[in-house]
Amino acid sequence: METLIKYRKIVWIFVLLFIITGVFTYLQTPKRDIPEIEQNIASVSTVYPSANPEIVEQAITTPIEQKVLKIEGVDQVTSASTNGFSTVTITLDDTNNADAVYSTIRQSVQDAQKDFPDEALSPDVTTDLVTSSVATYHLLSDNREQLFEIREHIDTWKETITAISGVHSISVKGLPEQKVVISLEEEKMSEERIQPNQVIETLQNELSPAALGTEKNEQQNILLNIESIEKLDQLNTIPITSTNEGAINLSDVAAISVENEPLEDMITFQDQAALSLTIFAEDGVNITSLQSQIDEKVTSLTQELPEEVTAERFYSQSTVIDEVYTNLLVSFAISLLAVVVIMILGLPLSSAILVAFAIPISIIVGLIPLPYTGVDLNQISIIGIIVAIGILVDDAIVVNDNIMRRYQLGDAPLEGAKRGVKEVGVSIVTSTLMIVFSFFPLTFLSGSNGAFIRALPIALMGTIIASTLLALTVIPTVQYTRQLAIYRSKKRRIGLLTNFFRWLEDRYANTILPATIKKPWLTVISGVIACILLLLLAIKVPFEFFPAADREEVTLSLTLDEGTSMEETDQFLADIENYITSNVDHINETARYTGGGLPNIFNSGLNRSGDNTGQLVVRVDRDKTSASDFIDQYQQELRNQFPDGEIFLETIVSGPPPSAALELKLQGPELDTLLENATTLKEELNALDSVEIATVNAGTSQPVKTYDIDREFLAKNNIPISQITGTLQLANSGLPLSDIEVENEQTSMELTLDEGQQDAIDLNALTAVVSTDEGAPEFYTYDEFISINTDEQIAAITHENGDRTITISAYEAENGDFTAETTEVIDNMRSELASLDGDYALNQDGEASAETEFFVEVAKLFVIVLFLIYITLAIQFNSLLTPVLITSTVFLAVTGAIVGLFVSGQPLSFLAVLGIVSLSGIVVRNSILIIEFIEQNKEKYDNNIVEAIIAAGRARLRPIILTTLTSIAALTPIIFMGDVLFKPLAVSIVSGIIFSTILTLLLLPAFYITMNRISTKKNNKTSV
């Protein structure tokens, strides 16, 4: 310390350098709404045209799963096999080498592809699934067809905006892709006696010529190629066959055109047709700064649109960030002002100013480690800093107060600074370690919840450590410099409430303390019983894992029966939209997203989308109502009004997206049995009063036509089965071909057969040509050897880790006993499954299970926190009993937190639990200071425990009260003005600190005397 004081100006220069570094860190650190939650997920999508779900499962999905499940680093594999499409979703474990795992996945998928049917397209492996959406823009027109004509403008938008540094990609919804369609005309094909397989073979040879290898000469190897068809206009002249009259080209028997793919999304905003463009950001980008650049480009691009098309911003994360930051900064300013006011009242003005300066300096210096830990500035990290405001001044107050106490006792400037720091230095470092130990384990919380909250402990620990370093270096050096002048003039100033604190110290030391330690056993037992009784209030505290955010958006998700067309689904959504706007007040605007649903905004999406699904966004007037109130009031009414659809309403949650309260995974070998039992389970759950709604991820069954081919007829007439199946595929969905260049862009291409009927296959119009010995061919229509059977099939075959799995999701209602009622249904279903032949199982998961896992994990961390605190205190005091005494105050704090939540009506939420865990490091600071002063005073008062306790109580009362008041002042604005996410956190910490401070001052001395007497008796018995 003497060296620090001697070179104090060097210390101040270093502090200045840290401040400058912290300012630069603040300016360069990205700012966003919520933390980026990194989820290592890959998706494998494969198109298998015309194949039903069972064929897709067997030929595509299962081979991919078998390869991927063997990869080290893969945690879970889920899949869905639908009509003509396979999707496999791969979740990685908490690996640090995700890129290597992704590379292995790609190689494994390529290996599986070798055994795919020829008709299956190449799998698409995507790894960038989770990105941050910056903004969504709507391009609007009264005519949807006009929007399809601005494709070149859309390409310009994408090219211009993706060129901005920090933009990852742009997703366009509502604009169909284009394709080249070669439509064979059945009549012309019959006239020329050409079978579809002849055209297919010719096109495949032309579009994918065989490799010729290389030609060697004396000097080099020369690659040999065959000129292939690469451009659209070359298709017309492809010769299919020849006759006496000349060659028959493709254009003679087919119409070649560029057409739009079927719509995947139909978007309507305020009764206008819309396209949506959603911009996604790279990781670690400053969203606010990026939005400014995007706005500048969009303003310019909008001017180039046709007059009948307008652009409007539908969503911007920057707007949310500005709102959140404004609220947080107001709370921050009020907290800072309240802390400063308390210090001015309790400390001399100069000391109050000195301690107050420690607050912004600690915060700025504490920002330096954030970028190196992967933490940016978001509402979670900022709330961590706000929590730290009330704690970080503790060190400065304690050090400053003790130095000033030494000066009041007559110490010289240097001696007072040295002894003042020495007396409390170990306790300061220890108490800081306690806080670090209480928050550091929170960084190891697993899953999305852990990733979401990790910024809070990291930001808080950085700020607290910075404050401790400032308290032990800057405070003594500045006070020493000041005291040099004061020591010469002998003038000392006191705080505005110094006389009040002196009166309070006398009252506490002369009246309260003697009363509590007169009968210590009675005090101890009374305090413990009171705390246990108050802890029972926990059963009356409501529970809510993550509350709904105070946002204006309500998302309505709709699922209709399989086979419903997109037009019918959109009309159904429109009817719901009209009902809401006609019957509900305080609605600002609405938007329909029929088909694929929303583009990764508002924390909402569809688990499995299609023509029969859609989402409706309703924006309410927050000044008149709330999203949660809207859902509570109208969700059941909408379900009653529109019973033909599965309707679910949700709003943005202040945390990771929630799952259903209960998820049941039904596994087994037979699809019919699985679907039957899943449907039964869904109906039984929906019949419960405690269940709001239950859904099944496999959807409903859908009608299917089965073409029964007379294979004996084909064999008798020497007709290849491949010719028949190929023709049927051409007449129905078409055959995908390789891409071709259209206006300098690669465009997909498909071959179809026009037999005269648009929405079905006209078997009577299709003919098979059979050669005869007489020379004249015979013609047979397809209906002569094909019959049609109609049946039902499952819409989607879902897997989990390779096993057929149907997931039933149940959402909890406000009525009834959800756990008891659902458990009875589950037990009954398990009994039924046990009686079936085959390996059937019903596994339980969902948000309730996730919450249970979270509390188990937090309980483990809490034990670790207490253990670390105990070990540290045992080392400091060289005792095994003293740490038990000090950590007993954690029990007092937990009691106070429960009482606070009960009185305020705040729920026991995710952050409330974290607040309770963090109290273990915060509240022991006061106990450490009191116990350490008692230990120091025992020598001074010749081991007179009572006198030592009274002296310690008198000396430590003011800093304990001041540090408690500053902690309360820092968090009180959050309780009254803060976001709903943080109110339970603030309540639990504030009430825990108040309760533990009062009871520590009243009970800790009695605990100490009781422990001392027990220890003395043991020592006496040992000596005897």
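Is segment 363-386 home to any residue that is touching a residue at least 12 places away in the same chain (Cβ under 8 Å), buried (at least 24 other Cβ atoms within 10 Å of the Cβ) and farther than 30 Å from ILE287 by Cβ?
No.
Name the residue that is modelled with the highest pLDDT, counting only residues in segment 30-51 that are over 30 Å from ASP75 (Cβ atoms) and surrounded by fewer than 19 Cβ atoms within 10 Å (Cβ to Cβ). Steps first, please.
Of all residues in segment 30-51, those over 30 Å from ASP75 (Cβ atoms) come to 31, 49-50.
From what's left, surrounded by fewer than 19 Cβ atoms within 10 Å (Cβ to Cβ): 49-50.
Working: PRO49: 81, SER50: 77.
Looking at the filtered set, the residue picked out is PRO49.
Given the criterion part of a helix (DSSP H, G or I) and more than 25 Å from PRO959 (Cα to Cα), identify the matching residue among VAL320, VAL339.
Values: VAL339 fails: more than 25 Å from PRO959 (Cα to Cα).
Selected residue: VAL320, the only one of VAL320, VAL339 that is part of a helix (DSSP H, G or I) and more than 25 Å from PRO959 (Cα to Cα).
Consider ILE993 carefully, then state whether it is assigned to a helix (DSSP H, G or I), in contact with a helix residue (DSSP H, G or I) (Cβ under 7 Å, 6 or more places away or on another chain) and surrounded by fewer than 24 Cβ atoms within 10 Å (Cβ to Cβ). Full working, then the answer.
Working: assigned to a helix (DSSP H, G or I): yes; in contact with a helix residue (DSSP H, G or I) (Cβ under 7 Å, 6 or more places away or on another chain): yes; surrounded by fewer than 24 Cβ atoms within 10 Å (Cβ to Cβ): no.
Taking the combined requirement at face value, the residue does not satisfy it.
When you scan segment 848-867, do you find a residue that is of a type in the set (Lys, Arg) and over 27 Å from the mean Cα position of the chain (by Cα), even just one? Reasoning before the result, please.
Our first condition is that a residue be of a type in the set (Lys, Arg); within segment 848-867, this holds for 860.
This time we only want the ones that are over 27 Å from the mean Cα position of the chain (by Cα), so: none.
Scanning segment 848-867 turns up no residue that is of a type in the set (Lys, Arg) and over 27 Å from the mean Cα position of the chain (by Cα).
Filtering segment 160-178 down to residues that are more than 29 Å from the chain's Cα centre (by Cα) and not in a strand (DSSP E or B), which residue is surrounded by the most Cβ atoms within 10 Å (Cβ to Cβ)? Walk me through it before giving the result.
Within segment 160-178, the subset more than 29 Å from the chain's Cα centre (by Cα) is 160, 176-178.
So of that shortlist, the ones also not in a strand (DSSP E or B) come out as 160, 176-177.
On the way: THR160: 16, PRO176: 14, GLU177: 13.
Per the stated criteria, the residue is THR160.
Just a yes or no: is a residue in segment 607-628 in a helix (DSSP H, G or I) and either over 27 Å from LEU175 (Cα atoms) or touching a residue at least 24 places away in the same chain (Cβ under 8 Å) (or both)? Break it down into steps so the answer makes sense when it comes.
Taking segment 607-628 as the starting set, the residues that turn out to be in a helix (DSSP H, G or I) are 627-628.
This time we only want the ones that are either over 27 Å from LEU175 (Cα atoms) or touching a residue at least 24 places away in the same chain (Cβ under 8 Å) (or both), so: 627-628.
Yes, because at least one residue in segment 607-628 is in a helix (DSSP H, G or I) and either over 27 Å from LEU175 (Cα atoms) or touching a residue at least 24 places away in the same chain (Cβ under 8 Å) (or both).
Consider segment 244-285. How many of its residues are charged (D, E, K, R) and in contact with a Gly (Cβ under 8 Å, 6 or more places away or on another chain)? Walk me through how you get there before you give the answer.
Initial filter on segment 244-285 (charged (D, E, K, R)): 245, 252, 259, 261, 264-265, 271, 282-283.
Right, trim to in contact with a Gly (Cβ under 8 Å, 6 or more places away or on another chain) and you get 264-265, 282.
Looking only at that region, the number is 3.
I need a count of the residues in segment 342-355 that are surrounded by fewer than 19 Cβ atoms within 10 Å (Cβ to Cβ) and either assigned to a helix (DSSP H, G or I) or free of Cβ contacts under 8 Å to residues at least 24 places away in the same chain (or both). It would help to see each step written out before you state the result.
The first filter runs over segment 342-355 and keeps only residues surrounded by fewer than 19 Cβ atoms within 10 Å (Cβ to Cβ), leaving 344-345, 348-350, 353.
If we keep only those that are either assigned to a helix (DSSP H, G or I) or free of Cβ contacts under 8 Å to residues at least 24 places away in the same chain (or both) too, we end up with 344-345, 349-350, 353.
Residues that pass the stated criteria total 5.
Within segment 801-820, can you find the residues that are surrounded by fewer than 18 Cβ atoms within 10 Å (Cβ to Cβ) and over 17 Å from ASP672 (Cβ atoms)? Spell out how you get there, then give the answer.
At the first step, the residues of segment 801-820 found to be surrounded by fewer than 18 Cβ atoms within 10 Å (Cβ to Cβ) are 801-803, 813-817, 819-820.
The answer is ASN801, GLY802, ALA813, GLU814, ASN815, GLY816, ASP817, THR819, ALA820.
Given the options VAL890, VAL917, VAL894, name the one that is closer than 16 Å to LEU1003 by Cβ, modelled with pLDDT under 85, surrounded by 20 or more Cβ atoms within 10 Å (Cβ to Cβ) and in contact with a helix residue (DSSP H, G or I) (Cβ under 6 Å, 6 or more places away or on another chain).
Values: VAL917 fails: closer than 16 Å to LEU1003 by Cβ; VAL894 fails: modelled with pLDDT under 85.
Sole residue among the options that is closer than 16 Å to LEU1003 by Cβ, modelled with pLDDT under 85, surrounded by 20 or more Cβ atoms within 10 Å (Cβ to Cβ) and in contact with a helix residue (DSSP H, G or I) (Cβ under 6 Å, 6 or more places away or on another chain): VAL890.
State whether the residues of segment 303-311 include one that is modelled with pLDDT of 80 or more, assigned to a helix (DSSP H, G or I) and farther than 19 Å from ASN600 by Cβ.
From segment 303-311, those modelled with pLDDT of 80 or more are 303-311; that's our starting set.
This time we only want the ones that are assigned to a helix (DSSP H, G or I), so: none.
Scanning segment 303-311 turns up no residue that is modelled with pLDDT of 80 or more, assigned to a helix (DSSP H, G or I) and farther than 19 Å from ASN600 by Cβ.
When you look at ILE294, is it out of contact with any Leu (no Cβ under 6 Å at 6 or more places or on another chain), in a helix (DSSP H, G or I) and crowded, with 18+ Cβ neighbours inside 10 Å, yes or no?
On the way: out of contact with any Leu (no Cβ under 6 Å at 6 or more places or on another chain): yes; in a helix (DSSP H, G or I): yes; crowded, with 18+ Cβ neighbours inside 10 Å: yes.
In short, yes.
Report whether or not GLN317 is in contact with an Asp or Glu (Cβ under 9 Å, 6 or more places away or on another chain) and not assigned by TED's automatic domain parsing to the domain that holds TYR593. Break it down stepwise before answering.
Values: in contact with an Asp or Glu (Cβ under 9 Å, 6 or more places away or on another chain): yes; not assigned by TED's automatic domain parsing to the domain that holds TYR593: yes.
It is true that GLN317 is in contact with an Asp or Glu (Cβ under 9 Å, 6 or more places away or on another chain) and not assigned by TED's automatic domain parsing to the domain that holds TYR593.
Does THR89 satisfy the criteria of being touching a residue at least 40 places away in the same chain (Cβ under 8 Å) and in contact with a Leu (Cβ under 9 Å, 6 or more places away or on another chain)?
Against the criterion (touching a residue at least 40 places away in the same chain (Cβ under 8 Å) and in contact with a Leu (Cβ under 9 Å, 6 or more places away or on another chain)), THR89 qualifies.
Answer with yes or no whether THR61 is outside the structural domain of ILE475 (by TED's automatic domain parsing), closer than 21 Å to GLY447 by Cα and among the hydroxyl-bearing types (Ser, Thr, Tyr).
On the way: outside the structural domain of ILE475 (by TED's automatic domain parsing): yes; closer than 21 Å to GLY447 by Cα: no; among the hydroxyl-bearing types (Ser, Thr, Tyr): yes.
Criteria not met by THR61.
Filter segment 729-767 down to the residues that are free of Cβ contacts under 8 Å to residues at least 60 places away in the same chain and of a type in the set (A, V, I, L, M, F, W, C), then identify the one that is surrounded by the most Cβ atoms within 10 Å (Cβ to Cβ).
ALA731
Per-residue answers, yes or no, for (1) free of Cβ contacts under 8 Å to residues at least 12 places away in the same chain; (2) farther than 30 Å from THR136 by Cα:
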| site | (1), (2) |
| --- | --- |
| VAL324 | no, no |
| ILE334 | no, yes |
| LEU337 | yes, yes |
| PHE357 | yes, yes |
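If we keep just the residues of segment 301-322 that are within 30 Å of the chain's Cα centre (by Cα) and among the charged types (D, E, K, R), which is nearest to ASP271 (Cα to Cα)?
Step one: filter segment 301-322 for residues within 30 Å of the chain's Cα centre (by Cα), giving 311-322.
Imposing the further condition that a residue be among the charged types (D, E, K, R) reduces the set to 312-313, 322.
Working: GLU312: 14, ARG313: 16, ASP322: 29 Å.
Going through the qualifying residues, I end up with GLU312.
Search segment 954-990 for residues being more than 25 Å from the chain's Cα centre (by Cα), surrounded by 22 or more Cβ atoms within 10 Å (Cβ to Cβ) and of a type in the set (S, T, N, Q), and hand back the single one that is modelled with the highest pLDDT.
Only one residue tops the list, namely THR964.
List the helices (runs of 4 or more DSSP H) that sit entirely inside segment 179-280 and contain at least 1 residues that are at pLDDT 80 or above and in contact with an Asp or Glu (Cβ under 7 Å, 6 or more places away or on another chain). Break it down into steps so the answer makes sense when it comes.
Numbers: elements: 186-191, 196-207, 250-253.
Answer list for segment 179-280: 186-191, 250-253.
Got at least one residue in segment 899-910 being outside any helix (DSSP H, G or I), polar (S, T, N, Q), in contact (Cβ under 8 Å) with a residue 24 or more places away in the chain and crowded, with 18+ Cβ neighbours inside 10 Å? Write out each step before concluding.
Residues of segment 899-910 that are outside any helix (DSSP H, G or I), as a first pass: 905-909.
Now drop any that are not polar (S, T, N, Q), which leaves 906, 909.
After this cut, where a residue has to be in contact (Cβ under 8 Å) with a residue 24 or more places away in the chain as well, the list is 906, 909.
So of that shortlist, the ones also crowded, with 18+ Cβ neighbours inside 10 Å come out as 906, 909.
Checked segment 899-910: at least one residue is outside any helix (DSSP H, G or I), polar (S, T, N, Q), in contact (Cβ under 8 Å) with a residue 24 or more places away in the chain and crowded, with 18+ Cβ neighbours inside 10 Å.
Rundown of residues vs (1) under 17 Å from GLU119 (Cβ atoms); (2) among the aromatic types (Phe, Trp, Tyr); (3) at pLDDT below 85, yes/no style:
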site: ARG711; (1), (2), (3): no, no, no
site: THR725; (1), (2), (3): yes, no, yes
site: GLN729; (1), (2), (3): yes, no, yes
site: GLU743; (1), (2), (3): no, no, yes
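The values are calculated or read from the model by the stated rules, or taken from the named source; none is laboratory data. Quick caveat: nothing in here was measured; it's all calculated off a predicted structure. Cβ atoms come from the backbone with ideal geometry, glycine included; neighbour counts cover every protein chain shown.
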